């Protein structure tokens, strides 16, 4: 041991080798890397004059697959048929099935039950009044947990009322109330299939990756044609994006069910169905709830995009406010989305914790005693419903004069005059910062750009594609042998072959920088928060907010201060992608085996040593998964960065959308997904090796 | 007793009132179909005003209408399948590609111009006139690179163009006219006007792409640069114009804003088809209404109702 500490260059504690060459030969991977990197550098520096094709992919070699994809989609949407009915009729039928329950919820919460359509529709029964909805959520909170939860839920919904977001929020809530349960159920079934058969799991894993990373713009038009231009399409797009984490978590959670429980199930003679629904899933609920949380968060994250397809609601409010530079309006509508997310998340978590109610005690009691909450809610709904109708109002004004009438109407619709708005306040703050500090901000930005960002971007773009493909192959071989090597090379080659190499490099530059910054911010916060419960709760609320607050809300002020371009885009991506960096770091450290920590303390570690030598080391695989998710989320933000004028793959999908070129959009979207898959597989393989080395598996 | 009977009477009165509000509104004339005509609604004020006017006129003629929130470009997918029926503002300058693609399928029909003309061009706030004398003539720009520069583009000026997908050949224009400017593209017009607001607050130099009808040229004081007027030859024939060796040595095309509908609308609602085709308003109408909404904070419904009241003779002609 003393020897190695004297000579730190020797490596992982082996005895010093007789000669450097001999030492290298004994490590073939290291040798291969040295040679490969050396050759690549040499080629990069001197190869340009005689191998131009390796630097800029020749357009003559381009594979024009996008035209075929366009034609294929066209066929699928307009001509494909199963004999009895066409493909589009099938998708339209699915759309109809989803639309019906949505219409009922929407009628209940927002439009009321109508007869007729369009501007000639007549309201037969008004929607639930705001007082009724508030009562329901507060009592629901009390029912599943306690008054504290009831107060939290009530507070969230009261915000919607007081800030005048009610109408839009109810539209958004209606579509979320359909999309989230559907997404959860569908994901549960897919996850179950994946749990039962490794073959299915292998087949769906890449599909899940595509669903999470292909920008929505790429498949927006096909979805619209297949499912119609309505809220259902928006829900389908939402489900595509929000489902994958739940599927993954389901498979993981079911595998983690202790074998003792499964054995018990077998012993008592469970059928396969009983085994699944009475044994496996109930015991997996705590882990499954992580998936549910993600579905809710991601669904609400899609609200903005969904509003572009006809979902309306809060997303449309955010977009419209920001188009007229009404920052206050944008922030208020944005926070309405956040509060909805928090309310739904906390409610679902509490529901999962609640033990199933015991039946049978009190059979002889009246309906009021048996269902106090239901009775009370129904009563409130009916009373407020009647008071708020036109005859309720005319009655009230007849009894007590016009002011009574006004109050009576307010029971149904919260009057506009009573709402609060912070509108001008935010615009003024931004104006103040802009007028007084813009020059400093600009100088700081310029410094970062010229010294770090632009050189890094130039470097990436100048790399010869052939060398990058080969190095990725080598990386794949090092971490996962031939299979991974082939995967990395084929996918990266695809990007070059379809002619999007340069755009892909800019994408990697944007996401790379963002992931670096997000990790640098997120990991220390995660480490700090993991060890203090109270801080963790605060941090959790902040990252939940960051994940659900539509980035548009802060993107426009960011553009005002940092101008259009990559810098603004990076800020937006970092703000969004920092959440998983914090979450997974904290989670990893918190789940380190307490016995090992104990062992560390016993052997006399200082707190710093305990952190660096024990906790961080053991949490490393988990932290790597956090990094993985950070990369995924930053890639999924490309849709948004395209809107501030970056020239990456996200922009490419947006251009394809505006020019009605389905194929181009899908190809660019696939390239984004392939970058994500390469990064994901390499990191996963690395984490796996690490875990084996640490003896965690 | 008294109280009770009062309550009962109120109840009866209320019921009568309810009956009145529930009775279907009598249609002015028989229409071909009572299904709602779905009109798309985007996310800018001018478009809200246009669809509100169209909707009110159609309603006055007895038609049933419905506004559907839809993305400006994505809506074509819905128009082709008949999920959506009418798009009131397809700009020559920004929607031409998507519109042509849709028209080519034969499932979408162009119902002619709205009467409004889209203007888009390089634009600057008035305070820049001091820093760059000679404006709005484009030749003044040749000496003004420095005046419009930022730290990233110096010594060249910075020109903030529209989204890449709304291509306006600005790179070509800069090269052809030999302007000391660098072109930077905004991804959305939200970002574009956020920058304008920011620069305007600080009275900082800015040159950017602004279009009308829009609230920006109403809210901010400024002018469009006067380039040599656009002709078709300018974009296709290099020998035309100031620079004999380059295309795009002129200003940008100004074009109509089109009305586009689902091709089936003609058969399902022939009367409405005629009304929509007749619809016609001007940039001045629109500018005034947009300013009333965005700058005076009035509601779109009220502004449109006022306009409908004072211009009754005009829209009555559409529906006759």
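Which of the residues spanning segment A:113-137 are closer than 22 Å to residue B:59 by Cβ and either more than 13 Å from every other protein chain (Cβ to nearest Cβ) or assigned to a loop (DSSP other than H, G, I, E, B) (or both)?
A:116, A:117, A:121
So which of A:29, A:73, A:77 is exposed (fewer than 13 other Cβ atoms within 10 Å of the Cβ), in a helix (DSSP H, G or I) and in contact (Cβ under 8 Å) with a residue 24 or more places away in the chain?
Of the residues listed, the single one that is exposed (fewer than 13 other Cβ atoms within 10 Å of the Cβ), in a helix (DSSP H, G or I) and in contact (Cβ under 8 Å) with a residue 24 or more places away in the chain is A:29.
Go through segment A:508-602 and tell me which helices (runs of 4 or more DSSP H), entirely inside it, have 2 or more residues that are in contact (Cβ under 8 Å) with a residue 40 or more places away in the chain and over 27 Å from residue A:677 (Cα atoms).
Of the helices (runs of 4 or more DSSP H) lying wholly inside segment A:508-602, those with at least 2 residues that are in contact (Cβ under 8 Å) with a residue 40 or more places away in the chain and over 27 Å from residue A:677 (Cα atoms) span A:533-548, A:551-562.
From the list A:160, A:109, A:140, which one is within 26 Å of the chain's Cα centre (by Cα) and assigned to a helix (DSSP H, G or I)?
After ruling out the rest, the residue left standing is A:160.
Looking at (1) within 10 Å of chain A (Cβ to nearest Cβ); (2) at pLDDT below 85, which one does residue B:93 not meet, given that it meets all the others?
(1) is the only condition that residue B:93 fails.
Could you please find all residues in segment B:193-224 being assigned to a strand (DSSP E or B) and more than 10 Å from chain A (Cβ to nearest Cβ)?
B:207, B:209, B:210, B:211, B:212, B:222, B:223, B:224
Looking at this structure, is residue B:71 facing chain A (nearest Cβ under 8 Å) and at pLDDT 85 or above?
No; evaluated as a whole, the condition is false for this residue.
Does segment A:556-574 hold any residues that are away from every other protein chain (no Cβ under 14 Å) and under 17 Å from residue B:153 (Cα atoms), and which are they?
none
Considering only segment A:322-419, give the helices (runs of 4 or more DSSP H) lying wholly within it that have at least 2 residues that are modelled with pLDDT of 75 or more and under 32 Å from the mean Cα position of the chain (by Cα).
A:327-353
In the list A:314, A:298, which residue meets the criterion of being closer than 22 Å to residue B:42 by Cβ, crowded, with 17+ Cβ neighbours inside 10 Å and within 22 Å of the chain's Cα centre (by Cα)?
A:314
Name the residue that is farthest from the other protein chains (Cβ to nearest Cβ), counting only residues in segment B:156-167 that are touching a residue at least 24 places away in the same chain (Cβ under 8 Å) and part of a loop (DSSP other than H, G, I, E, B).
Ranking the qualifying residues of segment B:156-167, first place goes to B:156.
I need a count of the residues in segment A:470-485 that are under 26 Å from residue A:52 (Cα atoms) and within 29 Å of the chain's Cα centre (by Cα).
Residues in segment A:470-485 being under 26 Å from residue A:52 (Cα atoms) and within 29 Å of the chain's Cα centre (by Cα): 3 in total.
Working carefully through the options A:679, A:577, A:668, find the one that is within 14 Å of chain B (Cβ to nearest Cβ) and at pLDDT 85 or above.
A:668
Exactly one condition in (1) away from every other protein chain (no Cβ under 14 Å); (2) farther than 23 Å from residue B:66 by Cβ; (3) modelled with pLDDT of 90 or more; (4) surrounded by fewer than 21 Cβ atoms within 10 Å (Cβ to Cβ) is false for residue B:122; which is it?
So residue B:122 meets the others, but not (4).
Select, from A:47, A:118, A:112, the only residue that is closer than 30 Å to residue A:469 by Cα, modelled with pLDDT under 80 and either touching a strand residue (DSSP E or B) at 6+ places or on another chain (Cβ under 9 Å) or surrounded by 16 or more Cβ atoms within 10 Å (Cβ to Cβ) (or both).
Going through A:47, A:118, A:112 in turn, just one is closer than 30 Å to residue A:469 by Cα, modelled with pLDDT under 80 and either touching a strand residue (DSSP E or B) at 6+ places or on another chain (Cβ under 9 Å) or surrounded by 16 or more Cβ atoms within 10 Å (Cβ to Cβ) (or both): A:47.
So which residues in segment A:290-333 are touching a strand residue (DSSP E or B) at 6+ places or on another chain (Cβ under 9 Å) and at positive phi?
Within segment A:290-333, A:310, A:312, A:313 meet the criteria.
Of the conditions (1) within 9 Å of chain A (Cβ to nearest Cβ); (2) more than 27 Å from residue B:92 (Cβ to Cβ); (3) touching a strand residue (DSSP E or B) at 6+ places or on another chain (Cβ under 6 Å), residue B:184 satisfies every one except a single condition; which number is it?
The single condition residue B:184 does not satisfy is (2).
Being surrounded by 18 or more Cβ atoms within 10 Å (Cβ to Cβ) and without any contact (Cβ under 8 Å) to a residue 60 or more places away in the chain is the filter here; which residues of segment B:168-179 pass it?
The answer is B:170, B:174, B:179.
Does residue A:641 satisfy the criteria of being facing another protein chain (nearest Cβ under 10 Å) and in contact with a helix residue (DSSP H, G or I) (Cβ under 6 Å, 6 or more places away or on another chain)?
It is true that residue A:641 is facing another protein chain (nearest Cβ under 10 Å) and in contact with a helix residue (DSSP H, G or I) (Cβ under 6 Å, 6 or more places away or on another chain).
Looking at residue B:143, is it within 14 Å of chain A (Cβ to nearest Cβ), without any contact (Cβ under 8 Å) to a residue 60 or more places away in the chain and more than 29 Å from the chain's Cα centre (by Cα)?
For residue B:143, the condition - within 14 Å of chain A (Cβ to nearest Cβ), without any contact (Cβ under 8 Å) to a residue 60 or more places away in the chain and more than 29 Å from the chain's Cα centre (by Cα) - is not met.
Output the number of the condition that residue B:78 fails; it satisfies all remaining conditions of (1) surrounded by 21 or more Cβ atoms within 10 Å (Cβ to Cβ); (2) modelled with pLDDT of 90 or more; (3) not in a loop (DSSP other than H, G, I, E, B).
Only one criterion in (1) surrounded by 21 or more Cβ atoms within 10 Å (Cβ to Cβ); (2) modelled with pLDDT of 90 or more; (3) not in a loop (DSSP other than H, G, I, E, B) is unmet by residue B:78, namely (2).
Go through B:272, B:292 for me and flag whichever is assigned to a helix (DSSP H, G or I), within 14 Å of chain A (Cβ to nearest Cβ) and within 15 Å of residue B:47 (Cα to Cα).
B:292
Looking at (1) touching a helix residue (DSSP H, G or I) at 6+ places or on another chain (Cβ under 6 Å); (2) within 14 Å of chain A (Cβ to nearest Cβ); (3) closer than 28 Å to residue B:320 by Cα, which is the one condition that is false for residue B:102?
Just one mismatch for residue B:102, condition (3).
Across segment A:234-284, what is the total count of residues that are without any contact (Cβ under 8 Å) to a residue 12 or more places away in the chain and surrounded by 16 or more Cβ atoms within 10 Å (Cβ to Cβ)?
1
The values are calculated or read from the model by the stated rules, or taken from the named source; none is laboratory data. Predicted model, so just to flag it, every value in this text is computed and none were measured. Glycine gets a Cβ as well: all are built from the backbone with ideal geometry, and neighbour counts include every protein chain shown.
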